[in-house]
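The structure appears right after this line, and notes come after that.
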Amino acid sequence: MTAILRTEKLRVEYRSREMRQATKVALAGLDLEVGAGEVFGFLGPNGAGKTTTMNVLLGFVPPTSGAAYLFGIDVRQPIARQRIGYLPELTYYYKFLTAEELLRFYAKIFGLSRAEMDKRIPELLKLVELEHAAKRPIKSYSKGMQQRVGLAQALINNPDLLVLDEPTSGLDPLGRMKVREIIQRLKNEGKTVFFSSHELGEVQSVCDRVAIIHQGELKAIGRVSDIVGKHANLEEAFLEIIGYSTPATP
């Protein structure tokens, strides 16, 4: 299995705002490896270090020690990120633009030719099921539609790796289903998808493997079926792995 994404003893420390604590450890020696064509779920409670990991991969945050690689290239080199697409948890678009105009804007940033744009944009709008709304302003879109146009812009450069931060956050069941279907289609095209999520049911249904981190440390990694094991579902396994005990019923 060719490693598309890899971290080695990745450690990130922040200066703490609390007087008694000089530094806060966000990641404590994280080792990860994601193979080509995998759909990989990155799980953990709030504050576990998921977004910090993504920020290192995207070059937004430098590691304190250790290393991270994309396609075998150190993430500190900008060239490492040429083949990735990214969808943040909180997106902001110029909502007076139409989906077509937004994608054309991002296509120009990536240096696509006019011919490439004319071919790529309709393909993406069809993939995310927005071809019927291509000329409507984004401000008229539902939350689910805005999330799908976000996926389209993350795919405009035809990346080999897609990094998604909470792609189904705030979506209704139909919206989550559509995002899940898009991820499955991308997998069928041979893309690698690395995403964080709190929707464990979605993760269980779409991911090949998952990693669970807690307080900056890797607690479990493996195929979904192996992680679930004797438990009824991934949620039960997740709670046990991070050491959460359900309060006793009076």
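The values are calculated or read from the model by the stated rules, or taken from the named source; none is laboratory data. Everything numeric here is computed off the predicted structure, so don't read it as measured data. All Cβ positions, glycine included, derive from the backbone under ideal geometry; neighbour counts span all protein chains shown. When the accessible area is computed, the model is the full protein with side chains, heavy atoms only, and any ligands, DNA or RNA have been set aside. Shrake-Rupley method; radii C 1.70, N 1.55, O 1.52, S 1.80 Å.
For residue 240 and residue 94, what is the calculated FRET efficiency with R₀ set at 30 Å and r taken between the beta-carbons, to the nearest 0.05?
Efficiency, from the Cβ-Cβ distance: 0.10.
I'd like the trypsin sites (Lys or Arg not before Pro) in the stretch 153-250 restricted to DSSP loop residues with at most 13 other Cβ atoms within 10 Å, sorted by number.
230
Ignoring everything except DSSP H segments at least 4 long, calculate the 222 nm mean residue ellipticity for the chain; use -39,500 (n - 2.57) per segment, divide by total residues, nearest 500.
-9500 deg cm²/dmol
Return the tail of the calculated pair distribution for the stretch 139-238, meaning the percent of Cα-Cα pairs more than 15 Å apart.
Summing the P(r) tail past 15 Å for the stretch 139-238 gives 64 percent.
So what's the stretch 169-222 giving for Cα Rg divided by 2.2 N^0.38 Å, two decimals?
Cα Rg divided by the expected 2.2 N^0.38 Å: 1.23.
Of the candidates 153, 77, 215, which one comes out as most mobile in a Gaussian network treatment of the chain with C-alpha springs shorter than 10 Å?
Comparing 153, 77, 215 in the GNM, the peak value goes to 77.
For the chain, find the longest principal axis of its Cα atoms and tell me its angle to the long axis of helix 99-109, 0 to 90°, nearest 10.
It is inclined by approximately 80 degrees.
In whole Å, how far is the Cα centre of the stretch 6-55 from that of the stretch 120-145?
Centre-to-centre distance over Cα atoms comes out at 33 Å.
Multiplying the sequence separation of residue 181 and residue 219 by 0.36 nm and subtracting their Cα-Cα distance, what value in nm do you get?
10.8 nm
Would you mind working out the accessible area per residue for the stretch 1-108, using a 1.4 Å probe, and quoting it in Å²?
Computed with neighbouring chains in place, this is 54 Å² per residue.
Take the Cβ-Cβ distance between residue 116 and residue 46 as r, set R0 to 30 Å, and report the resulting FRET efficiency rounded to the nearest 0.05.
It comes out at approximately 0.15.
Sorted by accessible area (1.4 Å probe), largest first, how do 113, 225 line up?
Highest to lowest solvent-accessible surface, that is 225, 113.
How far, in nm, would the chain grow between residue 134 and residue 226 when pulled straight, counting 0.36 nm per residue and subtracting the alpha carbon separation?
Extra length available between residue 134 and residue 226 comes to 28.9 nm.
Using the heavy atoms of the protein chains alone and a 1.4 angstrom probe, what is the accessible area of the stretch 182-250 per residue in square angstrom?
Normalised by residue count, the accessible surface of the stretch 182-250 is 53 Å².
Ignoring ligands, DNA and RNA, please state the percent of accessible area on the stretch 162-250 from carbon and sulfur, probe 1.4 Å.
48 percent
Read through the labelled values [x] 18.3; [y] 19.2; [z] 19.8 and report the label of the one computed as Kirkwood radius over Cα pairs in Å from the structure.
It is the value labelled [y].
Quick one: with all protein chains in place, what share of the accessible area of the stretch 44-123 is carbon or sulfur, to the nearest percent (1.4 Å probe)?
With neighbouring chains kept in place, the figure for the stretch 44-123 is 55 percent.
Of the trypsin sites (Lys or Arg not before Pro) in the stretch 59-140, which ones lie in a loop per DSSP and count no more than 14 other C-beta atoms within 10 Å?
Of the trypsin sites (Lys or Arg not before Pro), the ones in loops of the stretch 59-140 whose Cβ has at most 14 other Cβ atoms within 10 Å are 76, 95, 135.
Filter the chymotrypsin sites (Phe, Trp or Tyr not before Pro) in the stretch 25-92 to those in DSSP coil with at most 12 other Cβ atoms within 10 Å of their Cβ, and list the result.
In loop regions of the stretch 25-92 (DSSP not H, G, I, E or B), the sparsely surrounded chymotrypsin sites (Phe, Trp or Tyr not before Pro) are 60, 92.
Under the rule of at least 5 residues apart or a separate chain, name every residue whose amide H is placed under 5 Å from the amide H of residue 13.
Those lying under 5 Å, H to H, from residue 13 are 26, 64.
Using 1/(1 + (r/R0)^6) with R0 = 25 angstrom and r between the beta carbons of residue 233 and residue 188, what's the FRET efficiency to the nearest 0.05?
Result of the calculation: an efficiency of 0.50.
Cα axis of helix 143-154 to longest principal axis of the chain: angle in degrees, 0 to 90, nearest 10?
For helix 143-154, the angle is close to 80 degrees.
Quick one: what are the phi-derived ³J(HN,Hα) couplings along the stretch 35-48, Karplus 6.51/-1.76/1.60 with θ = phi - 60°, whole Hz, x for glycine and proline?
x, 4, x, 7, 9, 10, x, 10, 10, x, x, 4, x, 6
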